[in-house]
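Data first, discussion second: the structure below is written as structure tokens.
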Amino acid sequence: MKKIFLFSIMAVLALSACQQGHVRHTQDSPEIDTVKELISNYNSKTFDTSMYADTSKTFYNTSKNPMSASEAMDYHRQTDANYASRGFQGENQEYEMVVTDDGETWVNCWLDWKGTMAANNKEIDIPIHLTYQFVDGKIVREYGYWDPSEIVMELQKIEAEAKMAEEATEPME
């Protein structure tokens, strides 16, 4: 009888030790699926804002002057003019969802972006970190961080070459 009692207590302790509370970190969630859909939309140039809350704020390489979801989509449309092709690569993508100590839900992703400049076909690869805060299944904040230096320098080079070509074709006075 004593053995049965001890076995019962150990079984209860083992079962209660295996039970987990609220998930604080995962790599599989509806929020991650939403971000993956957003990335897929970006790659296919589908500028859908339905996954954003009406009051969402987007920050790209800044902590000031947020954009609304529609302004962020306009930003992507405008920068698309610089590229013959662009998009996030399918390999080496990492996604995680975390719930902070304050109960905030965030999805972080680390992605590789590749673009081909329209003016000269130069390929540029950039690692990018994006993070999204969710409330009630909608994105309320988006932060994007990357180093745009190579793109900026290439655009300046393209502009300088175009100006030199224009000046070379102007008639001499």
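The values are calculated or read from the model by the stated rules, or taken from the named source; none is laboratory data. Quick caveat: nothing in here was measured; it's all calculated off a predicted structure. Backbone-built Cβ (ideal geometry, glycine too); neighbour counts: all protein chains shown. Quick note on the areas: whole protein, heavy atoms, side chains included, nothing else; ligands and nucleic acids left out. Shrake-Rupley method; radii C 1.70, N 1.55, O 1.52, S 1.80 Å.
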> Could you give the nm distance between label points at E123 and T62, where each point is 7 Å from its Cα heading toward the beta carbon?
Replying inline: 3.2
> Amide H to amide H, which residues 5 or more places from S56 or on other chains are under 5 Å from it, using H placed in the peptide plane?
Replying inline: A69
> To the nearest 10 degrees, how steep is helix 2-18 against the longest Cα principal axis of the chain, on a 0 to 90 scale?
Replying inline: 20
> What is the packing order of peptides 159-168, 110-119, taking the mean over residues of other C-beta atoms within 10 Å and listing the highest first?
Replying inline: 110-119, 159-168
>> Using only the alpha-carbon atoms, how far is helix 30-43 inclined from the longest principal axis of the chain? Give it as 0 to 90 degrees, nearest 10.
In response: 20
> Given a cut-off of under 8 Å on Cα pairs at least six residues apart, what relative contact order in percent is computed for the chain?
Replying inline: 20
> Between D74 and E150, what FRET efficiency comes out of the Förster formula 1/(1 + (r/R0)^6) with R0 = 41 Å and r the beta carbon distance, rounded to 0.05?
Replying inline: 0.95
> When the helices in the chain are scored as -39500 (n - 2.57) per DSSP H run of 4 or longer and the sum is shared across all residues, what 222 nm value do you end up with, to the nearest 500 deg cm²/dmol?
Replying inline: -12500 deg cm²/dmol
>> Suppose each label sits 7 Å from its Cα in the direction of the beta carbon; what would the K157-D136 distance come out to in nanometres?
In response: 4.9
> Over the stretch 56-160, what per residue volume does the convex hull of the Cα atoms give, in whole Å³?
Replying inline: 115
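Express the Stokes-Einstein translational diffusion coefficient of the stretch 98-160 in µm² s⁻¹, to the nearest whole number, given a Kirkwood radius over alpha-carbon pairs, 20 °C and a viscosity of 1.002 mPa s.
154
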> Number of Lys-Lys pairs in the stretch 35-173 under 20 Å by Cα, sequence gap 8 or more or different chains?
Replying inline: 10
> What accessible area per residue comes out for the chain, rounded to a whole number of Å², with a 1.4 Å probe?
Replying inline: 66
> Share of the chain's accessible area from carbon and sulfur, percent, 1.4 Å?
Replying inline: 54
